[in-house]
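One structure below.
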């Protein structure tokens, strides 16, 4: 019975994610694009207020949801991984270290680095999705033999990413994408937990105490929209321009929505796999 319930939960969630998933009033309310709420949308970059909001849609209206805290997410074992750019992007030195051995060591973002010099990385002969350091790279008129010493080549990249305008831009592009991936991952977790709480409410099952605040915030809508699938509670705001706070606003880019769906598919597959082993 539990396996069936979780399967239904995943089906509802994936249906919602297919419709769209993206961002960020502690008091839940339907809002319009012209509304500027007091609370700011969550950016999940370490600067958010505790009462930041996550945007979705419900019954055709833009919806401002409070965030489920980490204790609630942990209680339902909800985690969507994304590399943390905080350290990786803190300096050119940290960035190059991440390229060599860290979070970016197998990233396809490497293919877009060193473009003025023909690129620093080639496709692996074993797997074209895996970048490998070229045998030789030229930087600012000097040729570096990477076959003899990879460390020499990586060290030569540091001034490029620190002071060369092309290198600075390439680093920024990679770091901006990392920040976007973190945002989408955190929003996806929020969508998953709303769908999960809906499914537990309708099963019925006891809502975990760690998520009681989130359930209290959702309860009115769970009763009002009892005829809708739980997937509707995980749906994002679509392509609307989202209200910000204090007059600011931001869009809900299609690339983020596609990424959210991919992350959700990976999460769902992992849950099903674990249940099959249980």
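The values are calculated or read from the model by the stated rules, or taken from the named source; none is laboratory data. Keep in mind that what you see is a predicted model, and the values were worked out from it rather than measured. As a convention, Cβ positions derive from the backbone with ideal geometry for all residues, glycine included, and neighbour counts pool all protein chains shown.
If we scan segment 185-194, do we find a residue that is surrounded by fewer than 17 Cβ atoms within 10 Å (Cβ to Cβ) and touching a helix residue (DSSP H, G or I) at 6+ places or on another chain (Cβ under 9 Å)?
No: zero hits.
Residue under question is residue 10, and the condition is that it be outside any loop (DSSP other than H, G, I, E, B), at pLDDT below 50 and loosely packed, with under 14 Cβ neighbours inside 10 Å; does it hold?
No; evaluated as a whole, the condition is false for this residue.
Restricting attention to segment 49-58, does a residue exist that is in a helix (DSSP H, G or I), buried (at least 19 other Cβ atoms within 10 Å of the Cβ) and outside the structural domain of residue 167 (by TED's automatic domain parsing)?
Scanning segment 49-58 turns up no residue that is in a helix (DSSP H, G or I), buried (at least 19 other Cβ atoms within 10 Å of the Cβ) and outside the structural domain of residue 167 (by TED's automatic domain parsing).
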